[in-house]
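Each remark here refers to the structure printed beneath this line.
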Amino acid sequence: MKYRKGQAARWMGLLAGAACAMSPGVLFAANAADQLYERTLMTAADSRCRLFAPNIGSALDAARAQARGATLRSGATQAQVEALENRARSRAASTGCGSRDLTTAADRVRGAFEAYATLQKMTYPGDVAAWQAERAVSATIPLWRLSQPSSFGADRLIFGLAGRAKALIAVVTFADGAQPYAARVVMRDPARTQGPYIDARGGRSLSAKVAPRSASQVFNAEAREQASVSLLPTGAKTGIGYRFPIIAADAISRLDPREAVTIEFSFAGRGGRDVVRKAYVEVGDFAAGRAFLR
């Protein structure tokens, strides 16, 4: 993947199609790599020059993360995406905070993202599943902030960030009333791999988008409790909530949007052998949804 010089040369006229990001599910008018370059550049410039109010800055960062996912889905490798981002940051670093061009570009970003920054809900569709982001919070009732439902067999789960603290949790209901003694989140370890494991023969199955155990990292649940009714899957009367360390959310944010995360539940089986039930969640635009909540 090569970033076109013509696009780089006109970066001060960027975001002509950025307003497209204000409507959930609308395709970008520009090439995803172009948008990633432009939004990374302006995010870096904002970090150095404090160009935007926090709500505009977070909206821009969410759009940057979404463009990153779209670029990876288009076939770019992780290394190519990182190289493009580094070029954008280098360009931002070489531009003076008081330059007329940067001021003009910042004005255009504000105009494009003011409405986006006030949205309370966003849906981030993926190849198989979607993340639903909600900025609304409650002082008394835990609500889903970023969530994705999953069914595995007759069992159902919702996974994501919940409550004012945006804790990473899995709320699960088992059709047979079974009670697992442990839960964990399993995902690819980027430090031990060069990219996602995606078996094209698996089609839309999320189980074909996970790394082998030898190339994975595991995060065990750090707390368990009866789930609040407000967090249960639709129609469920009871469920169990498992909270995972926030570093697991950080790890998901670093994954390729095309891959999946496994949530495992262990039950005591006969003869001392565990029985494990597995649910799968698509990584998708988890990072973009997380940025939207900021």
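Laboratory data are not the source of any read-out in this text; all were calculated from the coordinates shown. None of these values were measured; they are calculated from a predicted model. Neighbour counts are summed over all protein chains in view; Cβ atoms, including those assigned to glycine, are modelled from backbone coordinates with ideal geometry.
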Inset, instruction - List 150, 99, 216 from most exposed to least, where exposure is judged by having the fewest other Cβ atoms within 10 Å. - result: 99, 216, 150
Inset, instruction - With everything on Cα atoms, drop me the angle between helix 100-118 and the longest principal axis of the chain, reported from 0 to 90° to the nearest 10. - result: 30 degrees
Inset, instruction - Fewest Cβ neighbours within 10 Å first, please rank 237, 209, 121, 278 accordingly. - result: 237, 121, 278, 209
Legend entry - the chain pair-distance distribution - Cα-Cα, 10 Å bins, rounded %: 6, 27, 32, 22, 10, 3, 0, 0
Inset, instruction - With 10 Å bins from zero, work out the P(r) of the range 79-212 over every alpha carbon pair and list the percent per bin. - result: 9, 22, 30, 25, 11, 3, 0
Legend entry - Spatially proximal aspartates and glutamates relative to residue 121 (Cα-Cα < 12 Å; intrachain offsets below 8 disregarded): 134
Inset, instruction - Only helical DSSP H runs with n ≥ 4 go in: add -39500 (n - 2.57) per run for the chain, normalise by residue count and round the 222 nm mean residue ellipticity to 500 deg cm²/dmol. - result: -10000 deg cm²/dmol
Inset, instruction - Please name which of 144, 45, 227 has its Cα lying farthest along the dipole of the chain towards the positive end, using unit charges on Cβ (Lys, Arg +1; Asp, Glu -1) and the Cα centre as origin. - result: 45
Legend entry - Crossing angle, helix 32-49 versus the chain [Cα axis fit, 0-90 degrees, rounded to tens]: 80 degrees
Inset, instruction - Name the residue, out of 274, 127, 34, whose mean-square fluctuation peaks in a Gaussian network model built on the chain with Cα pairs under 10 Å. - result: 274
Inset, instruction - List the aspartates and glutamates whose Cα lies under 19 Å from the Cα of residue 237, skipping any in the same chain that are fewer than 8 positions away. - result: 155, 176, 225
Inset, instruction - Relative to the longest principal axis of the C-alpha atoms of the chain, give the angle of the C-alpha long axis of helix 54-73, reported between 0 and 90° and rounded to the nearest 10°. - result: 70 degrees
